[in-house]
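The values are calculated or read from the model by the stated rules, or taken from the named source; none is laboratory data. Computed from a prediction, not measured in an experiment: that's the story for all the values here. In this analysis, Cβ positions are derived from the backbone assuming ideal geometry, glycine residues included, and neighbour counts consider all displayed protein chains.
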Amino acid sequence: MSHPPEDADLYVQDEAQMALHPTLSRMWMQRGRGRQRKIAAPGTNQKRHLFGATDWREGQMVRRYSDHRDSVTFCALADDCVARSKERGRRAILIVDCAKIHTPEGAKAVRELLERHDSSLELVYLPKYSPDLQPQEWLWRVWRARVTHNHQRTTLVDLEADSEACFAEWDANPAAVLRTIGSPFASRQPP
């Protein structure tokens, strides 16, 4: 990944989940000051899935939200990546995991996606059970700490707004995104 083809945009792609029930994590509180922070858990949990792809060279992100983690949304995200790359006179290469929603063997929508885009799209699969090889996971770790851990939101709309606020900061600072995902192109971006 340190030398992607010049005629292609390389994207690292993965999904994350947000839910009304916050993920609980350790948090710092000053000892002896005030009361311990309480994290509420709403009675009925609701979930939303976030599909994201990050340009390995430039740090720009393409994303979609969905109520389901499905191949249809993955294919829509891949379509968005291909359209972005075609505008730039390039093809799109997506680095993905081996989930069924990403493979032509597991999803008819992916077979149709690959037929539709032919040489404009290439899916490169990581080995099974290797989340440490997926650079997008590093970005999700930061995103989860800012959006889903210990949150106080009571609606998915508010939670999605927090997510978009996080992405707005990253859109304004792609060099930070590249540093977070460990891209060798981070040093080529202005700070």
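Of the residues making up segment 57-98, just one is over 27 Å from residue 187 (Cα atoms), touching a residue at least 60 places away in the same chain (Cβ under 8 Å) and assigned to a strand (DSSP E or B), namely 65. Residues in segment 121-172 that are surrounded by 15 or more Cβ atoms within 10 Å (Cβ to Cβ), touching a Ser or Thr at 6+ places or on another chain (Cβ under 9 Å) and either among the small types (Gly, Ala, Ser) or not in a helix (DSSP H, G or I) (or both): 121, 123, 135, 148, 149, 151, 163. Of the residues making up segment 123-176, those that are touching a Gly at 6+ places or on another chain (Cβ under 9 Å) and under 27 Å from residue 103 (Cα atoms) are 135, 136, 138, 139, 140, 143. Can you find a residue in segment 27-50 that is at pLDDT 95 or above and within 22 Å of the chain's Cα centre (by Cα)? Within segment 27-50 (the criterion being at pLDDT 95 or above and within 22 Å of the chain's Cα centre (by Cα)), the answer is yes, since at least one residue qualifies.
As for segment 57-79, it holds at least one residue that is in contact with a Cys (Cβ under 6 Å, 6 or more places away or on another chain) and closer than 19 Å to residue 174 by Cα.
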